[in-house]
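One structure below.
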Amino acid sequence: MALKDNYLESLRRQVAEVEPHDVAALCAAGAVLIDIRDHDELADGSPLSAQAINRGFLELKIETVAPSADTRILLLCANGTRSLLAADALLRLGYRDVRSIIGGFGRWKQQGLPFATIPQLDNTERKRYVRQLLMPEVGMQGQLRLKQSRVLLIGVGGLGSPAALYLAAAGVGTLCIVDDDLVELSNLHRQIIHCEEMVARPKVDSAAQRLRSLNSSAQVSALRQRIDEHNVDAIVSDYDLVVDGSDNFSTRYLVNDACVKWSRPLVHASVFRFDGQVSVFLPRSGCLKSPCYRCLFPQPPGTDLAPSCADVGVLGVLPGIMGTIQALETIKILLDIGDPLVGRLLCVDGLSGEFQMLDVEPDPHCMCCNQSDVALQPQTRLPKVQ
Ligand SMILES: [Zn+2]
C-alpha cells in the first residue's frame, strides 16, 4: 500500500467525519463550514453557508472565521481527501473539534444539497487587486463583494471626482454618476476626474470616459440630469449606497429623504474654503443610533452662512481629501468592516491641519427619519375636490 494511502487510513481513524446532509444542522448549532478548494474549483459552486478559504492559506486565515479553539469547524474539499489532511493540520494547530465532510462537494451535490455558483475573479483581476486581496479584511470574498456592489454618486464635481476614481480603482462593479453640468475651465483645479479636452462637454460623459479608461471592467452609467423629486426614488432605490457630492442643500435634503425612505446608506461630505465635513447616515438600515442629514441640519442655513464655492472659493485639495474619505467610508460599508462615521461628523481644518470628531445624535423630532413612510410622500398632494 502506498505511503499516502497508509497515511490517509490513519487519519480517518483520528479525524471525525460528517455526512454532507448533517452539515446544515451542525451549522445551525454554531459550526463554521469552510470550503478549502481552489478558486477554479469554486467556479462550480459552493454550499450557501460556506466560507471560502483556500487550503494553502487555511492555517494563516482560520482565526478570522474561527477565533476560538472551541469553534466546531467543518471542512469541505472536492472528494473528502484534502479536507482530511486539512482537518489534521487544524487539530495540530490547537482546534479541538474539526471534522472532514465525507465525499466533499461531489457527494454534497449527489445528496441534492443547496449550493450557489460563486462569481470568481479572473487572473487579470487577481493581479490588479492583489494588494487588496492580501488584506484579510478584503480578501477574495470582499473583492467579489465590491465587484457586485452598485454605488450611486450624486455629482461628479470636487467631491465626486476622487470618490468615483477611487471606487472604480478599488473594483466597485457598478457606478452610476448623476450630474447635469458641463465641464468648465474653473472646475479643473479641484474636479480631477475631468481634463482640458473635456471643457464644455457634459461632466457625466467626461467622468464616464475617465472611469472606463481607469477600470474597463467597471459598469459605469451616466445620467445627465439634475436629480429632483420626480426621479430621485427610481434612481436611489436602484443602488446599494449613495455618495452625495452635491453642492446645495435642496439636493442634499432630497437625496437624504430618499435614502431614509429606501434604507440606503448615505455618505455625505461638504467643503467650504479650507474646511471640510464628512459623515455617514444609516437610518432604518438596522443602525438605531444613526441620525440622518436632516437631524444634523434641520434647516438650511442662510446664504450668508453657507455661501457657495462660486462666491467664496475653495482650495482644490479640500474636496480631494473629503471625497477620498467618502470613498473610504463607502468601501467600509460595502465590506462591512471597521467603524463607519455613523453618528459622527469628521471636521477637517485644512489650515490648522486639525481633524475634529463631533458626535451627532438622531433628532427625535426629525421630520424625516422619525416619521412613517406616509410622511415622506410628496407634500404637495391635495385632497381631490368631489
Ligand atoms: Zn433625521
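The values are calculated or read from the model by the stated rules, or taken from the named source; none is laboratory data. What you are looking at is a predicted structure, and each value in this text was computed from that prediction instead of being measured. Backbone-built Cβ (ideal geometry, glycine too); neighbour counts: all protein chains shown.
Below are the figures for this structure:
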item	result
Checklist (1) under 29 Å from GLY139 (Cα atoms); (2) out of contact with any helix residue (DSSP H, G or I) (no Cβ under 6 Å at 6 or more places or on another chain); (3) at pLDDT 95 or above; (4) more than 16 Å from the ligand (Cβ to nearest atom) applied to ARG344, failing item	(4)
Single match in GLY155, GLY104, GLY142, GLY171 (criterion: buried (at least 21 other Cβ atoms within 10 Å of the Cβ) and modelled with pLDDT under 95)	GLY142
Helices (runs of 4 or more DSSP H) contained entirely in segment 185-275, each with at least 3 residues that are more than 16 Å from the ligand (Cβ to nearest atom) and over 19 Å from PHE297 (Cβ atoms)	203-214, 232-236
Conditions (1) touching a helix residue (DSSP H, G or I) at 6+ places or on another chain (Cβ under 9 Å); (2) of a type in the set (S, T, N, Q); (3) surrounded by fewer than 19 Cβ atoms within 10 Å (Cβ to Cβ): number failed by THR124	(1)
Segment 61-109, residues that are β-branched (Val, Ile, Thr) and either in contact with a Gly (Cβ under 8 Å, 6 or more places away or on another chain) or not assigned by TED's automatic domain parsing to the domain that holds CYS27 (or both)	THR71, THR81, ILE101, ILE102
